[in-house]
Amino acid sequence: MGHTPRLKCARCGAEEPFEKVLERCPRCNGDWLDVVYDYERVAQTWPQVLRERPFTMWRYRELLPLQDDAHRITMGEGGTPLLHAVNLGMMLGAPHIYIKDERQGPTGSFKDRQASLSISMMKELGVTEAVVASTGNVAISYSAYSALAGIKLWAFLTSLVPAEKMREVAIYGSEVIKVTGTYDQTKQVAAEFARRQGLYLDRGIRSIAARESMKTVAYEIAEQLPLFLGPGLTPWRAPDWYIQSVSGGMGPVGVWKGYQELVRMGLVERMPRLACIQAEGCAPMVWSFEKGLEEVEPVLQPRTRVITLATGNPGPAYTFLARVIREQGGAFEAISDQETFRAMHVMAKLNGLSMEPAAALAFAGLFKLLSKGIIQRDEIVVVNCSGHTFPVEKHLLGEDWAKTVELPLEAPAVEDGLLSSLEQLDRSVQRIAILEDNPDAIRLLRRILQARGDYQIFEAYDGESGLEMIRRQRPDVILLDLMMPKVDGFAVLDALRADEDLGRIPVIIVTAKELTTSERARLSGQIQMLLQKGTFTDEELLHEVLEALGEKEG
């Protein structure tokens, strides 16, 4: 690495050279050790060396704790795209929403970063057999990288993890152990098995490798944002907000350290605020923070269908993140399963991103924080789209692909599978006219409608051609902008009301115009609803369309 980093104890502050991996501080026995690097030297060398390196997490080699590159286990992890969520931003009136697309890792989740560094460090330590407890994605990533490294992996998973994820773990050759209990109980069983067998145990959030790997998400975002926003006062840029769904909290903990290091090196000028989103049925961080607790109050019986986030006791991650959010600003937010599944539909149908529920939960958190005014609509926001895994065909594995451990404890009552919370639209109504001079706005409205119903959609970019289209096509409902060339929306309304047949068609105004009192009075009694651009959701637009169509049919 060219220089020797140091280990620093988070409890007592003691430091010593990082010459080997330690689990505890030799002075106070604290189990949270951070790696401190020669940041001045790295800041001087990075501008030149990064230009010559591929865009993977290992481009930041100087700030990763592997001692010898010969032990590196990599499949090209990291370097995932940062996507500008144009359609989503138009719908929400928030033009600076960006998506860190971690689905594009080797096994489809951001845990590939953790697996690459963790398995590399295991190889460096001479580990040949290891134990990990997981709710799904960690076990999948570790299994793939363990196979590449020649390390046998024992993967302990709660039996509530979907079978598709378990099969993916098994196909890599890992020993799959299903535990009929909560994830926290599963961790206990895995730790006891490792102790009895004398095997290496992955320590999750307490692992140096796990936290250090997640820093690379922050580094990449900081490099990528100037491509969209232009350079700032520093070479790279930090967003105003970083949002991620959390279970054990490892991702935001690592990302926070990454930004701290970037600020220290003068590569970004400030820290972002963190938004940590949890499932409502298992939200120990949210509830503990609301109570003002310094340490987490565990959830003993998780009740959420988002199984990969059902960690009842996040341990020290809560203490760390709660302190950061109290001191630096930010938010904890709980999201219902129904809100999560709706966000899955929104992100797939508006932005072409299919994702697992754990990732969608972060976007549902964004929607809620915007609606509450906690996140301002002009702020720069990056959301971690943390994963999308794919099922393994059943016939590839045969019958005996997993072993089961029965615990005498009652398993939590969590239903399997996803239940759609969205009602079916009335498919008998098909004809909708959109009069709007902004092509991007038309595209967004069309996409919302097409994704949720079998409609015929007619478009016009000005009022004059729009009126001709309405007379020709006789739509069932009209979505009308007020500010258009040639004939504006007010004149279109006057023309419609002057025609006995056309005057019966419900009109929904969708506009960015701030209306005066007289303008609102002019619209009164002539329209079904007024929707302000950037403030309505797809659900609200569809509700108003259906209400208008219902009135027409009546």
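Miscellaneous remarks
- Listed conditions (1) touching a strand residue (DSSP E or B) at 6+ places or on another chain (Cβ under 6 Å); (2) crowded, with 24+ Cβ neighbours inside 10 Å; (3) in a helix (DSSP H, G or I) are all met by Thr216, apart from (1).
- If you go through the range 79-91 and keep only what is buried (at least 22 other Cβ atoms within 10 Å of the Cβ) and either touching a Pro at 6+ places or on another chain (Cβ under 8 Å) or not polar (S, T, N, Q) (or both), you end up with Ala85, Leu88, Met91.
- Within the range 484-518, tally of residues that are surrounded by 14 or more Cβ atoms within 10 Å (Cβ to Cβ) and within 30 Å of Ala94 (Cβ to Cβ): 15
- Residue within the range 222-238 that is farther than 27 Å from Pro65 by Cβ, in the same structural domain as Pro357 (by TED's automatic domain parsing) and crowded, with 22+ Cβ neighbours inside 10 Å present: no
- Listed conditions (1) in contact with a Phe, Trp or Tyr (Cβ under 9 Å, 6 or more places away or on another chain); (2) surrounded by 20 or more Cβ atoms within 10 Å (Cβ to Cβ); (3) basic (Lys, Arg); (4) modelled with pLDDT under 95 are all met by Arg206, apart from (2).
- Restricting attention to the range 445-468 and to residues that are in contact with an Asp or Glu (Cβ under 8 Å, 6 or more places away or on another chain) and of a type outside the set (Gly, Ala, Ser), the residue that is nearest to Met347 (Cα to Cα) turns out to be Ile448.
- For Gly365, the stated conditions do not hold, so it cannot be described as at positive phi and at pLDDT 90 or above.
- Within the range 481-489, one or more residues are charged (D, E, K, R), in a loop (DSSP other than H, G, I, E, B), in contact with a strand residue (DSSP E or B) (Cβ under 6 Å, 6 or more places away or on another chain) and outside the structural domain of Val346 (by TED's automatic domain parsing).
- Filter result for the condition that a residue is charged (D, E, K, R) and closer than 20 Å to Ala209 by Cα, over Glu52, Glu62: Glu62
- Qualifying residue in the range 109-123 (condition: surrounded by 24 or more Cβ atoms within 10 Å (Cβ to Cβ), touching a residue at least 40 places away in the same chain (Cβ under 8 Å) and either touching a Cys at 6+ places or on another chain (Cβ under 8 Å) or not in a helix (DSSP H, G or I) (or both)): yes
- Output for the range 312-356, where each listed residue is assigned to a loop (DSSP other than H, G, I, E, B), crowded, with 21+ Cβ neighbours inside 10 Å and either within 17 Å of the chain's Cα centre (by Cα) or free of Cβ contacts under 8 Å to residues at least 12 places away in the same chain (or both): Leu353, Met355, Glu356
The values are calculated or read from the model by the stated rules, or taken from the named source; none is laboratory data. Keep in mind that this is a model prediction, so the values were computed, not measured. Because the Cβ atoms are built from the backbone with ideal geometry, glycine has one as well, and the counts that use them run over all protein chains shown.
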